[in-house]
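**Student:** Quick one: structure below, then a few questions.
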Amino acid sequence: MRNLLLIFFIPILSFGQNEFNQWHFGNNLKLDFNSGIPIVSYQSALKSIEGSASISNCAGNLLFYTDGQTVYNKNHSVMYNGTNLKGESSLYESTQSAIIVKRPMSASVYYIFTASNIHGISYSVINMQANNGLGAIIQKNTSLSFKPSQKLAVTYHQNGEDIWVVTHYGNSNEFEAFKITKTGVSQNSVSSSVGPKHTGEHGDMK
């Protein structure tokens, strides 16, 4: 339990320095940090009331983004097979509807984890080498838990290579952590019940 609690105080070190340089959220809003200062534009295809996630390559060039239901490629078109993910973009259903994780030791495979009060926790797999480099979802909506949740966070495993994705279930004090290794998402998770019972709909987990 002590190790699980520590993850909330360790800085997020996943990916390279420029892989979070482009943010897509809200009503078509984009923030680009590649110049060193945030540049605002309305080039995004996204219309999300709540959660969203985006990822770039190590040079800061956009790869894809999502509201937890639809995935858009770098050209702001729907990614191949990129619809009907089990996150939620509607109000009160998921404040953190999606989080993107790169598979350890891989240059092209990414995971989108989704959280929903309706569907629980699921993940989908993206191969960025597919569809002429625009990416495609090659595995969709693999369920990890049917318990309602709106929260997702990510940090490194203590071995410095593997990655933990953590959720907190609604109306409970239960955390669950899922481990991602170079071979994929582990079938064995770590569950801990600690702290006060969470009953609110608002706020994010970091």
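The values are calculated or read from the model by the stated rules, or taken from the named source; none is laboratory data. Since this is a predicted model, take the numbers as computed values, not measurements. Reconstructed Cβ throughout: ideal geometry from the backbone, glycine too, with neighbour counts over all protein chains shown. What goes into the accessible areas is simple: the full protein's heavy atoms, side chains included, and nothing from ligands, DNA or RNA. Shrake-Rupley method; radii C 1.70, N 1.55, O 1.52, S 1.80 Å.
**Student:** Condition test on residue 22, is it farther than 27 Å from residue 159 by Cα, at pLDDT 80 or above and in contact with a Ser or Thr (Cβ under 6 Å, 6 or more places away or on another chain)?
**Tutor:** Taking the combined requirement at face value, the residue satisfies it.
**Student:** Sort out for me the strands (runs of 3 or more DSSP E) sitting completely within the range 16-132 that have 1 or more residues that are basic (Lys, Arg) and under 25 Å from residue 181 (Cα atoms).
**Tutor:** Ranges flagged: 98-102.
**Student:** Here is a list: 126, 112, 118. Which entry is exposed (fewer than 13 other Cβ atoms within 10 Å of the Cβ) and under 23 Å from residue 65 (Cα atoms)?
**Tutor:** 118
**Student:** Additional query: Assess whether residue 188 counts as being touching a Lys or Arg at 6+ places or on another chain (Cβ under 6 Å), free of Cβ contacts under 8 Å to residues at least 60 places away in the same chain and farther than 21 Å from residue 53 by Cβ.
**Tutor:** no
**Student:** Right, next: If you go through the range 136-154 one residue at a time, do you hit one that is β-branched (Val, Ile, Thr) and surrounded by fewer than 19 Cβ atoms within 10 Å (Cβ to Cβ)?
**Tutor:** The answer is yes, given that some residue of the range 136-154 is β-branched (Val, Ile, Thr) and surrounded by fewer than 19 Cβ atoms within 10 Å (Cβ to Cβ).
**Student:** Now for a separate question. Give the number of residues within the range 155-167 that are open to solvent by 20 Å² or more (accessible area, probe 1.4 Å), closer than 14 Å to residue 190 by Cβ and part of a strand (DSSP E or B).
**Tutor:** 1
Quick grid of which residues meet (1) within 23 Å of residue 30 (Cβ to Cβ); (2) in contact with a Leu (Cβ under 8 Å, 6 or more places away or on another chain):
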site: 64; (1), (2): yes, no
site: 82; (1), (2): yes, no
site: 105; (1), (2): no, no
site: 112; (1), (2): yes, yes
site: 141; (1), (2): no, yes
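**Student:** Restricting the search to the range 168-196, which residues are within 14 Å of residue 102 (Cα to Cα), aliphatic (A, V, I, L, M) and open to solvent by 50 Å² or more (accessible area, probe 1.4 Å)?
**Tutor:** Selection gives nothing.
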